[in-house]
Amino acid sequence: MIIKSEKEYKDYEARAEALIQHGTEIGDMELLSEEEKAEFSRLSEALDEYGSAYHPLPGQMSTLLTDAILTQVKEKGLKQKEAAQMIGISSTMFSDLIHGRRSLSFEVARKIHKVLGVPADVVLL
């Protein structure tokens, strides 16, 4: 399951909530049918993936941005250490950025766009 829009995200979220409500009513999520459990698992995975891309937690970067950075690094034939040097940050900070453990400052975002060529609309997500 891949969520393609905010409306679809809300629809999936509503269906997952309905399954949780049903599980609560019958006494436990484990009492759902195998079909309902599988659906809930697929919904949860899709919601998590979309949320990480379009609704990252405060202090974390969108997975769309981290994927775009890694794509540019690979296309340019760079090592992560080289990419970090090009944008003026430590390799540890670069690693933290691409693993979503650190937020992005405006200056680093600008360099990622200008130096690595990551599209501005992706950087600004």
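Derivation of every value follows stated rules applied to the coordinates shown; laboratory data play no part. In this text the structure is predicted, and so the values were computed from the model without any measurement. Cβ atoms come from the backbone with ideal geometry, glycine included; neighbour counts cover every protein chain shown.
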Checklist line | Cα pair count fraction exceeding 15 Å, expressed as % - segment 63-123 | finding: 39 percent
Item checked: Cα pair distances in segment 1-60, grouped into 5 Å bins until the bin that holds the longest one, percent each -> 4, 19, 26, 21, 15, 10, 5, 1
Notebook entry, point to check: Taking R0 as 41 Å, what's the FRET efficiency between residue 31 and residue 10 from their Cβ-Cβ distance, rounded to 0.05?
Noted result: 0.95
Checklist line | Relative contact order of the chain, defined on C-alpha pairs under 8 angstrom at six or more residues apart (%) | finding: 22 percent
Check: Computed from these coordinates, which is Cα extents along the principal axes in Å: (i) 43, 34, 23; (ii) 44, 26, 26; (iii) 57, 26, 25?
Finding: (iii)
